[in-house]
Amino acid sequence: MDKIVGRFAPSPSGRIHLGNILSSLLAWLSARSKGGRIVLRLEDLDTVRCPRRYALQLEEDLHWLGLDWDEGGTAGQGPHGPYEQSRRTALYQAALKRLEAAGLVYPCFCTRRELHAADAPHRSDGRQIYPGTCRNLTAEEAAARKTAGHRAGVRLRVPEEVIGFADGHLGWYEENLAEACGDFLLHRSDGLFAYQLAVVVDDAAMEVTEVVRGADLLDSTPRQLLLYRLLGLPEPKFYHLPLLLSADGRRLSKRDQDADLGALSCRLGPEEIIGKLAFLAGLNPEARPCRPEELLAEFSWDKVPREDLPVPPGLFDGT
Ligand code: GLU
């Protein structure tokens, strides 16, 4: 079997929180339990939201938790550097050029406000489906708008086609992208490359063979698979893990400040945090403290629930 390469791909826009820690733990266990390697890539395309000090803090936090990596990080060790997306834009530009040369993309002048105001169809989760406003602009029309000072993003022409894949944890998932999201952005009008493009270019360039991440990104995967196919890149295997829910049933997020490592580490040590997460994720029968290595021998995706995980009140309070 080919060598397994897993990855941590955090967006360092604040202190790591319980959800990120669980994703990192499962990415680490999934790769390491098969003798694989781990790459750390910093998804800091939005450099305003992701200043370098957060990346350095994140590295310190992962070390403290006992989640190590073999390649990447701010030190940039390894053959595929740099490992900060903010320093890899030439690669995204090259991929975009290839799609452009194949006639698969077009400039889009719609502003967020216009899209909001437009009576466009929405998905059940409230997200808008791009109505195709700029899809058929002629080259002359697009050039005239650019000359008039309008800034363009770049969208991918999405085919009427169902794209599906077998998730390593959640099973079969498919979407008709034309119905689910429409033509999606690869490059934003403010000059930032979109996550969907950057993540595909990087996972392929870094030879990642398995992507482990939260189920909130499950519906990004068909878009990414389309890009893999159009760019002729090898597809990794995907594993999406359940999300952690707060007592009132919301998804835990960066806004839950008592769930970020700054607050957690005032109350708990690394082995307590890992032990409690392992318990929640079905990897340990009780919430006893442990190090990630202690979970390796018994690790199996089959033990991890498929439904979202409510965090019992008080579980992460001090002991
Ligand atoms: N950078 C993304 C995040 O922190 C994760 C991207 C991925 O795992 O594909 O939410």
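The values are calculated or read from the model by the stated rules, or taken from the named source; none is laboratory data. The structure presented is a predicted model; accordingly, all values stated were derived computationally and were not measured. In this analysis, Cβ positions are derived from the backbone assuming ideal geometry, glycine residues included, and neighbour counts consider all displayed protein chains.
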### Message
When you check L217 against the structure, is it modelled with pLDDT of 95 or more and surrounded by fewer than 20 Cβ atoms within 10 Å (Cβ to Cβ), yes or no?
### Response
yes
### Query
Is there a residue being in a strand (DSSP E or B), modelled with pLDDT of 95 or more and within 12 Å of the ligand (Cβ to nearest atom) anywhere in region 55-64?
no
### Task
Check region 230-237 and report whether any residue there is assigned to a helix (DSSP H, G or I), under 30 Å from I273 (Cα atoms) and touching a residue at least 12 places away in the same chain (Cβ under 8 Å).
no
### Task
Go over the candidates A180, A198 one by one and state the one that is buried (at least 18 other Cβ atoms within 10 Å of the Cβ) and more than 16 Å from the ligand (Cβ to nearest atom).
A180
### Task
Would you please name the residue that is farthest from L67 (Cα to Cα), looking only at residues in region 264-315 that are among the acidic types (D, E) and part of a helix (DSSP H, G or I)?
D302
### Message
What are the pairs with Cβ atoms under 7 angstrom where one residue, in region 128-156, is more than 26 Å from A198 (Cα to Cα) and the other, located anywhere, is part of a loop (DSSP other than H, G, I, E, B)? Sequence gap at least six, or different chains.
### Response
R145/F109
### Query
When only residues in region 9-47 that are among the aliphatic types (A, V, I, L, M) and assigned to a helix (DSSP H, G or I) count, which is nearest to the ligand (Cβ to nearest atom)?
A27
### Number of the condition not met by S11 [criteria: (1) out of contact with any Cys (no Cβ under 7 Å at 6 or more places or on another chain); (2) closer than 30 Å to H150 by Cα]
(1)
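Quickly run through region 214-247 and pick out the residues that are of a type outside the set (S, T, Y) and in contact with a Phe, Trp or Tyr (Cβ under 7 Å, 6 or more places away or on another chain).
If the condition is that a residue be of a type outside the set (S, T, Y) and in contact with a Phe, Trp or Tyr (Cβ under 7 Å, 6 or more places away or on another chain), then L218, R223, L225, E235, F238 are the ones that fit.
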### Task
Go through (1) out of contact with any Asp or Glu (no Cβ under 8 Å at 6 or more places or on another chain); (2) more than 24 Å from A27 (Cα to Cα); (3) buried (at least 20 other Cβ atoms within 10 Å of the Cβ) and name the single condition L65 misses.
(2)
### Summary
In region 59-79, residues that are in contact with a Leu (Cβ under 7 Å, 6 or more places away or on another chain) and of a type in the set (A, V, I, L, M, F, W, C) total 2
## Note on the structure
A careful count of residues in region 201-222 that are near the ligand (Cβ under 9 Å from one of its atoms) and not in a helix (DSSP H, G or I) gives 4
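Which of the following residues is acidic (D, E) and over 30 Å from T209 (Cα atoms): D308, D248, D302?
After applying the criteria, what remains is D248.
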#### Entry: From the options L40, L99, residue that is surrounded by fewer than 20 Cβ atoms within 10 Å (Cβ to Cβ) and in contact (Cβ under 8 Å) with a residue 40 or more places away in the chain
L99
### Summary
From the option list C108, C50, single residue qualifying as buried (at least 22 other Cβ atoms within 10 Å of the Cβ) and away from the ligand (no atom under 16 Å from the Cβ) is C108
### Message
I'm trying to understand the selection: among the residues of region 17-37, which are without any contact (Cβ under 8 Å) to a residue 40 or more places away in the chain and of a type in the set (S, T, N, Q)?
### Response
N20
